[in-house]
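Written out below as structure tokens is the structure these notes cover.
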Amino acid sequence: MYKTPDGTSVGVDDPYDHADICDHLTDDGRCRLALSQGDNHPEFATDRREDNYACLAHTYEEKNKITSTGSSDVSSSAEPSIPVSAFRECPHYRSTTAKHACVRCGLEDVRIAHDTDAQSLLEEHHLSYRDNTTQGSGISDTSEGTDETTQNNSESQITYSHEITVALCRWCHSKVHQSIARLEDDVSPDPEAFATREQRRAREQQELGFSPASEKDND
């Protein structure tokens, strides 16, 4: 299982298996980074400009998609079916979570308006870290029983270090880092997590002035 630079488990064997499409991907299949921050990445922006700013992964998907006409339309909407493996070729790929539920147990976040002191039920969990100085995933694979050929092939496929994060509830986050818990475990929310969420929901309903149907019937 892969580990963080601090030596704690991230709960997966391959971070890319749990990654989503790039944060920089626009709805029309172009690279937002090259479009808006080209001055900070001139060589990359120039390369993308020559291809109408097409996302590297979107270009990869178009080139490998068999169509009846044999043509490709870079401006067409990018589909989520683009294989995440295609993003590995891009030096600026980043996939950070925008989810509102734990990817392990499904616990949904509940935020109380104007209560800035309330700790979020969900936390951002890094599967991989951005690292401009090393080759590879930025985290180490400590899986046992991996032969040298397989390991070398895996390393050759990951050219850059990418930031990849997912959402975990505080309870699952702790279990992943402190035990052998995995993201793909088939589990329900921790009893304490479930109780905390229900307390927040009740408070949320109270602040919104919500009255249960049973109370309305008695009015």
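Conditions tested, residue by residue: (1) modelled with pLDDT under 85; (2) under 30 Å from GLU184 (Cα atoms); (3) in a loop (DSSP other than H, G, I, E, B).
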{"position": "ALA34", "(1), (2), (3)": "no, no, no"}
{"position": "ASP47", "(1), (2), (3)": "no, no, no"}
{"position": "HIS58", "(1), (2), (3)": "yes, yes, no"}
{"position": "SER75", "(1), (2), (3)": "yes, no, yes"}
{"position": "ALA78", "(1), (2), (3)": "yes, yes, yes"}
{"position": "ALA98", "(1), (2), (3)": "yes, yes, yes"}
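Can you tell me how many residues within the range 175-203 are surrounded by 15 or more Cβ atoms within 10 Å (Cβ to Cβ) and among the acidic types (Asp, Glu)?
1
Hey, could you check the range 108-139 for residues that are assigned to a loop (DSSP other than H, G, I, E, B) and of a type in the set (Asp, Glu) and say which is modelled with the lowest pLDDT?
Selected residue: ASP131.
Does the range 160-168 contain any residue that is surrounded by 14 or more Cβ atoms within 10 Å (Cβ to Cβ), aromatic (Phe, Trp, Tyr), assigned by TED's automatic domain parsing to the domain that holds ARG201 and at pLDDT 75 or above?
no
Say we look at the range 1-44 and pick out the residues that are touching a residue at least 60 places away in the same chain (Cβ under 8 Å) and polar (S, T, N, Q); which of these is farthest from VAL84 (Cα to Cα)?
THR8
The values are calculated or read from the model by the stated rules, or taken from the named source; none is laboratory data. What you see is a predicted model, and the numbers here were worked out from it, not measured in a lab. Counting neighbours? That spans all protein chains shown, and the Cβs are built from the backbone with ideal geometry, glycine included.
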